[in-house]
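The values are calculated or read from the model by the stated rules, or taken from the named source; none is laboratory data. No experiment lies behind these values; they were computed from the predicted model shown. Here the Cβ positions follow ideal geometry from the backbone for every residue, glycine too, while neighbour counts run over all protein chains shown. Each accessible area value is taken on the protein alone, full model and side chains, heavy atoms only, with ligands, DNA and RNA left out. Shrake-Rupley method; radii C 1.70, N 1.55, O 1.52, S 1.80 Å.
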Protein chains: 2
Amino acid sequence: MTSTPKSIIPATVNPDLQKERDGASFSSEEFAAWWSKGENVLKFNREVRAYMQKDVDQGEMLQLQAKSHVEINEFSQRSAIEAAQKLRRLQQERNPGGDDYWPKLYDHPVMWGLVPGGNPFGVMYVMLVKALQAQCTPEQYEEFGKRVERFEICGTYAQTELGHGTFLRGLETRADFDPKTDEFVLNTPKLSSYKWWPGGLGHSSNYCLVMAQLYINNQFKGPHMFFVQVRDEETFEPLPGVHIGDIGKKMGFIGVNNGFLGLKNVRIPRTRMLMRHAKVNADGTYVSSPTNVLTYFAMVRTRCVIAKNNAYVLAAASTIATRYSAVRRQSPINPKEREPQIMDHVTQQMKLFPEIATSLAYHLASDYLWNLYDVTLSDIENGKYERLPELHSLSCALKVTCSSDSAAGVERLRLGCGGHGYLSSSNMSNLYVLATAACTYEGENTVLLLQIGRFLMKSWRSALSGAPLAPTVQYLAEVQKNPDFGTWTGSWENMVKAMKYTAANKTRLAFKSLSARLSRGETEENAANHTGIEFTQAAELHGRAFVFSSFTDEVTGPKSKTRSASLNRVLENLLELYLVKETLNQMSNLLRFIQLTDTDLRILQDRLETVLTKLRPDAVAIVDGFDFSDLQLNSTLGSFDGNAYERMFDAALKTPMNQKSVPKSFNELLKPFMKSNI
Amino acid sequence: MTSTPKSIIPATVNPDLQKERDGASFSSEEFAAWWSKGENVLKFNREVRAYMQKDVDQGEMLQLQAKSHVEINEFSQRSAIEAAQKLRRLQQERNPGGDDYWPKLYDHPVMWGLVPGGNPFGVMYVMLVKALQAQCTPEQYEEFGKRVERFEICGTYAQTELGHGTFLRGLETRADFDPKTDEFVLNTPKLSSYKWWPGGLGHSSNYCLVMAQLYINNQFKGPHMFFVQVRDEETFEPLPGVHIGDIGKKMGFIGVNNGFLGLKNVRIPRTRMLMRHAKVNADGTYVSSPTNVLTYFAMVRTRCVIAKNNAYVLAAASTIATRYSAVRRQSPINPKEREPQIMDHVTQQMKLFPEIATSLAYHLASDYLWNLYDVTLSDIENGKYERLPELHSLSCALKVTCSSDSAAGVERLRLGCGGHGYLSSSNMSNLYVLATAACTYEGENTVLLLQIGRFLMKSWRSALSGAPLAPTVQYLAEVQKNPDFGTWTGSWENMVKAMKYTAANKTRLAFKSLSARLSRGETEENAANHTGIEFTQAAELHGRAFVFSSFTDEVTGPKSKTRSASLNRVLENLLELYLVKETLNQMSNLLRFIQLTDTDLRILQDRLETVLTKLRPDAVAIVDGFDFSDLQLNSTLGSFDGNAYERMFDAALKTPMNQKSVPKSFNELLKPFMKSNI
């Protein structure tokens, strides 16, 4: 290689990007405060982020994908530990004795970028500690829960097995009570019973919370949780009977150290079954749990987290692709003029702006979901469980639509970056694999849609009998009462109504198919399986109708009075784009139930093109308002300064391959081959 | 780790998979012969494959993704060289002096699995040699073309730059003729002019065919090709003025060693410009090419290759997901019965079977395209260029729809494997990144759709004026002549007609929008940009209408007489599924122009569910008929023996992470941290 200048990245902002910022019609700072739920929150997040990101070398983060699986895992463990230490120091500085920095922020988005391959202790803090808090007796929590919290021991939560994921009752790991020794004996009797997937299980845990089928005197008592030591605390060697390791490289979450666990006659004291609810006494008597609501509730919470996080992932990808589309110039629109910023091509706008709008839509829908979660939680504390099925169903619906829409959206945005989006240093592929993973983890999407479908069938039946419905399915009863849609006007309110109307009618048709199959003599189960496709379609529309309604409420509702007119105009444009593009996407469903003329459709197409034009001058300022730092984005294409080519090139120069001008294998491999006269 | 048995993979076929094979209604051998274009071809492919794959360790291939970028590249270079040597030996054994094995089969699908990260010499054999053959004078080919063919030197073809891809005229690399020394002086004047992306350029080439803008006396003569030495033949050190290296890790093609190239006053003899067509004489006079058709034609050929290859990629993913869906059992349909094979869930069938049908659809459409290619090639040799725009447009349309449908299809299939599809050892993610790459390389899909859109506008205008149209756009004139669709019957013929009718009407609407913009005074260029979304929609439907028609022709046409009744029944089921699901997918477009009643739609939904049921017993036998070897699939989930769990587990045990029970970093990293009382 010939010499290259020391730093090829300019210290200035790309003028094309600066021009976009200067020309925006609104304040991206106001947007950022709104997006973050208040100026104080925004300020707090930025301070914590600055503290955490200080002295972090982004160059190393950009090379992560070039490392081996072993190196990536070591790097991730090291980064995760350093991040914990930093947070802990921040806690000491700002609020000694509290827990508002450490560990509370350990899985917060401000951590993004510090562990770009994923945190091997993520499951420990997101799931294990919470499960222990919810399921341990006070004595148990004192004995080992606190030790996990203090990181004296490290662990994970193991439910999924090689042979079973979403179907909990199918789990094969068993725990047999032995009254002679007052112990449980744990076994994974077959290869398919091995625990498989838990994050951090491979080489980052010495304890594990194991979900296993409880047997007492060979009597089946259903799945329970057992806290099992798997490695020696001093040497980290696996304990006798424990077969443990990493499951190998994956598409993404490359640093998370997902693992497997086989157990062969592993004995633990009786007191290591979590006994806050169900209990096994020393004499082998079993006291069942008064309610299984809390287990249930933990899953609901995780799904709320997913909807929120995936909206962020989509917003991050939107930021990268939008900034890159402002600085890349290609293909003249008019051959006599300079090549335009690619964002001036209407087809490019169509790749970018709908995804920006979709990020907002799910961000807002998941706010609503979290509110419902809080209400339901306080209801439960007062012994009221009525809204739980609704919350369960809504959290599933948002988890499914948000994970699938965000994955597809990130990929469209990646493709919108052309070939350069294929580079690991763009980070677009990493964002994609993060987003798409959520389609299968924590309840596979199709399985969840089928569950929602069954809930809709039940709700439809209740409505037919005049029974009261939960608020978010109330629209089913309304459509039963008034089956005529009325006139299509194309107003926002009318579009929301149309999506609900379509969802209700899809539910009606699925119900009709189900009933027809039942009356033809099919069993309930076979009829449900055969109506599966219609179940999933109705369920998806149920989710979409909800997103329509929560987005519209936020933009047009009373909160608009707290925002400036210029910010409101931008939000209105994003709402308009979202409603119009989704309505067009779902048009084949709509047209089945609602009369739209050719003129109506023409108008929708015109509105789509008009609102793209309106959003064009504000696009960069909007994604600036998502307020990601360069390290959070970890992308050569999407940095704040817009120096995309220089950063791509700089990252290439630093890749390990280029540290020697001639690869060491040349003399043994390529040279003799070229001389061999093939 | 406790001990594990020596080989945990049974030597027997999983009984669930065997049951599927025993129960099929047709011969997968007959299918395989049909799919391969004849028994003799099938036999030949299998023999070559067996020879090439002998002694290859699949275990190492399954661990490829766990290696570092440097190791992957070295491994890929080594494997590619060994494969070349094997092919060469086969050539010697079977037909000494010929070229039908080496190098002809070097980029054939039988090579899949030997270089699972991609072949760093792929561009050399797929593009460079062909470009040299087409563009060199006989003397030039003798001087350096043959050297490449014999692998005495190695090289690649460099067109794309950091700042410009699809837009050729925007390329910035320049070659100035210096009559004093009879040389060209090559420069990449800016960072954005660096060549960027060529496969093998990083550290696997000592020569490079460079596309550069030719200047004589500062007079611009347009892009031409220059054969440039970039590294010393003996030492492999970059030559003076040459800045060369690898562009870093990518989402896929991880072993292809894509590179960058900067040139600073690099001088080459005048005779190193490829001069078969355009010429520069020693006195600086320029003789322009009599035709630019051949350059054009090379791009067309590559797009035909892509359509074919991506159909194979989708078929491979279908094979893996289908076999896995036969051996995995989960979630009882009836709680009293054993958990079913997941393929018995209707929603799972809906994930698998449409992609099998889509593989066939594009396989057959690209056959038609290759025929048109051959016809056009012989026309060109006779000086007739009439069908070239049609071929160009059709090859673009198939490249676009096949790349985007296959990518989306592979991802649906991957998701259909649940969490396990996320494991690198499933190979599903690798197939995905192969498929999706084709959406941006060799002409970014949206740019191509816009080109097709312009071709459709031109054709529509020609048809209005009564001018004759090329066969594949003849339907536009037919719809103009007879604008009434008539009655929807739902027959296959009627569905083909409906798709063409819809494509034609979308073209009509786009033409109307374009005309309205022009008559409002917009320039041709701005009007085209503003109508971009409609252009792309019409173009996509044009492609789909063609696939409908070629698939239907193959299944219902005279060739059906050469097949057994049982094979025909299977192909008819796949055609039925393809037409019905695609018609439903495009329903919002169809309903705009064609009257379908609610009953018609209900019938389509019923047909969809019926044909899924019909295909269920034959699914495994169909994918067996795609005839991939285990090494070609390179997947723990999709092997012929169906021992998915054992193979996943075996691959995990062999991952480098698990070669030590305690990671070496434990004592320096995790242990002190746990003791630190955080």
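Summing both sides, the accessible surface hidden between A and B at a 1.4 Å probe radius is close to 12200 Å².
Taken per residue, the accessible surface of the range B:153-290 reaches 33 Å², heavy atoms only and a 1.4 Å probe. Would you kindly calculate the translational diffusion coefficient of the range B:576-633, applying Stokes-Einstein with the Kirkwood radius from alpha carbon pairs, for 37 °C and a viscosity of 0.692 mPa s, and quote it in µm² s⁻¹ without decimals? My calculation gives 242 µm²/s for D.
In straight-distance terms, cross-link reach from residue B:19 covers every one of the lysines whose alpha-carbon lies under 18 Å from its own, apart from those fewer than eight places away in the same chain; here that gives B:614. Legend: mean number of C-beta atoms from other chains within 10 angstrom of residue C-beta atoms, peptide A:57-67, equals 2.
Contact order for the range B:153-290, expressed relative to its length and based on alpha carbon pairs under 8 Å spaced 6+ residues apart, stands at 27 percent.
When its C-alpha radius of gyration is set against 2.2 N^0.38 Å (N residues), the range A:27-111 gives a value of 1.28. Between residue A:302 and residue B:458, the simple spin-label model (points 7 angstrom out along Cα→Cβ) gives 5.7 nm. Per residue of peptide A:200-208, the mean number of Cβ atoms on other chains within 10 Å of the residue Cβ is 2. Considering the range A:155-290 at the alpha-carbon level, its Rg and Dmax are found to be 14.7, 48 Å. Calculate the FRET efficiency for residue A:668 and residue B:553 from the Cβ-Cβ distance with a Förster distance of 56 Å, rounded to the nearest 0.05. Efficiency, rounded to the nearest 0.05: 0.55. Each Lys or Arg adds one and each Asp or Glu subtracts one; over the other residues with Cβ under 15 Å from the Cβ of residue A:677, this totals +4.
When the surface is traced with a 1.4 Å probe over the full set of protein chains, residue A:603 keeps roughly 80 Å² accessible.
Position residue B:50: other-copy label points at 7.1 nm, ordered by increasing distance, label point 7 Å along Cα→C-beta.
Distance from the alpha carbon centroid of the range A:192-233 to that of the range B:374-395 works out to 66 angstrom.
Between the alpha-carbon centres of the range B:617-678 and the range B:157-175 there is a gap of 41 Å. Once the C-beta distance of residue A:600 and residue A:565 is scaled by a Förster radius of 30 Å, the resulting FRET efficiency is 0.50 to the nearest 0.05. Just to confirm a number: summing +1 for Lys and Arg and -1 for Asp and Glu over residues other than residue A:351 whose beta-carbon lies under 12 angstrom from that of residue A:351, what do you get? That sum, taken over residues with Cβ under 12 Å, equals 0. Rounded to whole numbers, the Karplus 3J(HN,Hα) couplings from phi for the range B:666-672 are 4, 5, 8, 10, 6, 4, x Hz, using 6.51 cos²θ - 1.76 cosθ + 1.60 with θ = phi - 60°, and x at Gly and Pro. Label point of residue A:374 (7 Å along Cα→beta-carbon): distances to the other copies' equivalent points are 7.0 nm, sorted ascending.
Shape call for the range A:475-624 from the C-alpha gyration tensor, a ≥ b ≥ c root eigenvalues: rounded (a/c under 1.5), prolate (a/b greater than b/c) or oblate? The shape class here is prolate. Given their separation in residues at 0.36 nm each and the Cα-Cα distance between them, residue B:51 and residue B:474 gain 147.6 nm when the chain is fully extended.
Using Cα positions and a limit of under 16 Å, work out the lysines in reach of residue A:54, with same-chain residues fewer than 8 apart set aside. Correct list for residue A:54: A:86. Considering only alpha-carbon pairs that sit under 8 angstrom and 6 or more positions apart, the relative contact order computed for chain B is 17 percent. Rounded if a/c is under 1.5, else prolate if a/b is larger than b/c, else oblate: which is the protein assembly as shown, with a ≥ b ≥ c the root eigenvalues of its Cα gyration tensor? It is rounded, given that a/c, with a ≥ b ≥ c, falls under 1.5. Taking amide H positions as modeled 1.01 Å from N, with prolines and chain starts lacking one, the residues under 5 Å from residue B:255 and 5 or more places away or on another chain are B:118.
Over 29 Å apart at the Cα level, from the set A:37/B:671; A:458/A:497; A:458/B:336, are A:37/B:671. The reciprocal of the average 1/r between distinct C-alpha atoms defines the Kirkwood hydrodynamic radius, which for the range B:506-566 equals 14.0 Å. List the residues of the range A:647-664 for which accessible area in the full set of protein chains is at least 10 Å² lower than for the chain on its own; 1.4 Å probe, protein heavy atoms only. Residues passing the criterion (a loss of at least 10 Å², heavy atoms only) are A:648, A:649, A:652, A:653, A:655, A:656, A:657, A:658, A:661, A:662, A:663, A:664.
What is the range A:346-488 by shape, rounded, prolate or oblate, if you read a ≥ b ≥ c off the alpha carbon gyration tensor as root eigenvalues and call it rounded for a/c under 1.5, prolate for a/b larger than b/c, and oblate otherwise? Note, shape of the range A:346-488 comes out prolate. Heavy atoms only, probe 1.4 Å: what % of the accessible area of the protein assembly as shown goes to carbon and sulfur, would you let me know? Carbon with sulfur: 52 percent of the solvent-accessible area. What number comes out for the charge environment of residue A:614, summing +1 per Lys or Arg and -1 per Asp or Glu over other residues with Cβ under 11 Å away? Summing Lys and Arg as +1 and Asp and Glu as -1 gives -1. Coupling constants for the range B:312-324 follow from the phi torsions by the Karplus curve (6.51 cos²θ - 1.76 cosθ + 1.60, θ = phi - 60°), and in residue order they are 5, 4, 5, 5, 5, 5, 4, 4, 4, 5, 5, 4, 4 Hz; glycine and proline get x. For residue B:279, the lysines whose Cα comes closer than 18 Å to its Cα, not counting residues fewer than 8 places off in the same chain, are B:180, B:221. Greater than 29 Å separation of Cα atoms is the criterion. Which listed pairs, B:130/B:250; A:654/B:264; A:399/B:351; B:130/B:559, meet it? From B:130/B:250; A:654/B:264; A:399/B:351; B:130/B:559, over 29 Å: B:130/B:559. Between residue B:386 and residue B:660, the FRET efficiency estimated from the beta carbon spacing at R0 = 60 angstrom works out to 0.30.
Using the alpha carbons alone, the radius of gyration of chain B stands to its Kirkwood radius in an Rg to Rh ratio of 0.99. Label-point distances for residue B:218 to the equivalent site in the other copies, using a point 7 angstrom along Cα→C-beta, read 9.8 nm when ranked shortest first.
Relative intensity of the range A:79-167 on a log10 scale, I(q)/I(0) at q = 0.17, 0.23 Å⁻¹, equals -0.80, -1.21, per a Debye sum over C-alpha point scatterers of equal strength in the absence of solvent.
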